[in-house]
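The values are calculated or read from the model by the stated rules, or taken from the named source; none is laboratory data. Every value quoted in this text rests on a predicted model; they were computed, and no experiment measured them. Don't worry about glycine lacking a Cβ; one is built from the backbone with ideal geometry, like all the others, and counts go over all protein chains shown. We work out accessible area using only protein heavy atoms, side chains counted, and drop any ligands, DNA or RNA first. Shrake-Rupley method; radii C 1.70, N 1.55, O 1.52, S 1.80 Å.
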Amino acid sequence: MTLPALSFALTPLTLAALVLSPFAGSLAALVGQRLPQGRPVVIARSACDHCGATLGPFELIPLVSFAVQRGRCRHCGGRIPIMLPLAELAAIVVAASAAFAFYGWSVWIACALGWTLIALTVSDVTALRLPDVLTLPLAAAGLLASYRTGMVTFIDGAVGAVIAFGLFAALGFIYRRWRGRIGLGFGDAKLMGAAGAWVGVSGVPSVMLIGAGGALLAVLATVAITRQPWPRHRRIAFAPWLCLAIWWVYVVGPLKLVLF
Ligand SMILES: [Zn+2]
């Protein structure tokens, strides 16, 4: 893959992405939360998960409404999931880093990737699921984006997608035969396929390394903080780490092997 040149230019396209990013984060959180539950996403107006009250315009302002309402519903006092402001913040970080790494419409293409990764993260954290309606179009979009951004060629993206998907699907299959339970879900393999389409063959090893390293550190940190051994059958949400790794490699580039 060709590395993005990091520089910042505030064009109208970049400004629009930055201004709209917190709203994109709200939408990503909504999509990630509702898709695995089979609930309608766009048609239904936003409502409180506890009391069902329809939220007014003020209650839909990202971050501000959460801060002013101290994380609680104005109608029933029920807790607003912390996932919502976190997704809104993450979406701002996505737009800001895209603004540094890309220019023109490529900023928006990168944001589309980053905001979809946020929806996938929310979905995996809340339901341990990665809906096909997100991963499969993301893979196709990665191949199409190659024409616009010039970061990877179409062939590079296609080969990267096949290799990454095949490797993860094979790993998941071997683990399932060996341990008799699911370690790596098929959804993770599809997400890796999408990653390959976006970062190309040369980016795939870095995504795997950063993703696996992050997940391992999270498990070790949890064990250290709780002073409890990791339960044998407890699955961890792996996709958030893969999503973080995909974004890192897309914006900063693959890891460089430093030998000296
Ligand atoms: Zn409520």
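Brief remarks follow.
- Test: residue in the range 119-132 that is surrounded by fewer than 24 Cβ atoms within 10 Å (Cβ to Cβ) and either free of Cβ contacts under 8 Å to residues at least 12 places away in the same chain or β-branched (Val, Ile, Thr) (or both): yes
- Lone qualifier among Gly211, Gly187, Gly180, Gly196 - being more than 30 Å from Tyr103 (Cβ to Cβ) and surrounded by 17 or more Cβ atoms within 10 Å (Cβ to Cβ): Gly187
- Being over 25 Å from Pro131 (Cβ atoms), assigned to a loop (DSSP other than H, G, I, E, B) and out of contact with any Ser or Thr (no Cβ under 6 Å at 6 or more places or on another chain) is a condition met by no residue of the range 182-198.
- Every test in (1) more than 16 Å from the ligand (Cβ to nearest atom); (2) not assigned by TED's automatic domain parsing to the domain that holds Val199 is passed by Cys73 save one, and that test is (1).
- Evaluation of Leu6 against (1) open to solvent by 30 Å² or more (accessible area, probe 1.4 Å); (2) modelled with pLDDT of 90 or more; (3) of a type in the set (A, V, I, L, M) (one fails), failing number: (2)
- Residue pairs meeting the criteria (Cβ under 8 Å; at least 6 apart or on separate chains; first of a type in the set (A, V, I, L, M), in the range 64-87; second within 16 Å of the ligand (Cβ to nearest atom) and part of a strand (DSSP E or B)): Ile80/Arg72
- From the list Pro22, Pro85, Pro57, the one residue that fits, being at pLDDT below 90 and more than 12 Å from the ligand (Cβ to nearest atom), is Pro57.
- Every residue from the range 94-114 that is open to solvent by 30 Å² or more (accessible area, probe 1.4 Å) and over 13 Å from Tyr250 (Cα atoms): Ala96, Tyr103, Trp105, Trp108
- One residue from Arg79, Arg39, Arg34 being within 14 Å of the ligand (Cβ to nearest atom) and among the basic types (Lys, Arg): Arg79
- Restricted to the range 166-177, and to residues there that are of a type in the set (A, V, I, L, M, F, W, C) and open to solvent by less than 70 Å² (accessible area, probe 1.4 Å), the residue that is nearest to Thr121 (Cα to Cα) is Phe168.
- Residue count for the range 156-188, restricted to those that are at pLDDT 85 or above, more than 17 Å from Leu209 (Cβ to Cβ) and among the small types (Gly, Ala, Ser): 8
- Residue count for the range 60-70, restricted to those that are more than 16 Å from the ligand (Cβ to nearest atom) and either at pLDDT 90 or above or open to solvent by less than 20 Å² (accessible area, probe 1.4 Å) (or both): 4
- Which listed residue is touching a helix residue (DSSP H, G or I) at 6+ places or on another chain (Cβ under 8 Å), basic (Lys, Arg) and under 29 Å from Gly104 (Cα atoms), from Arg148, Arg129: Arg148
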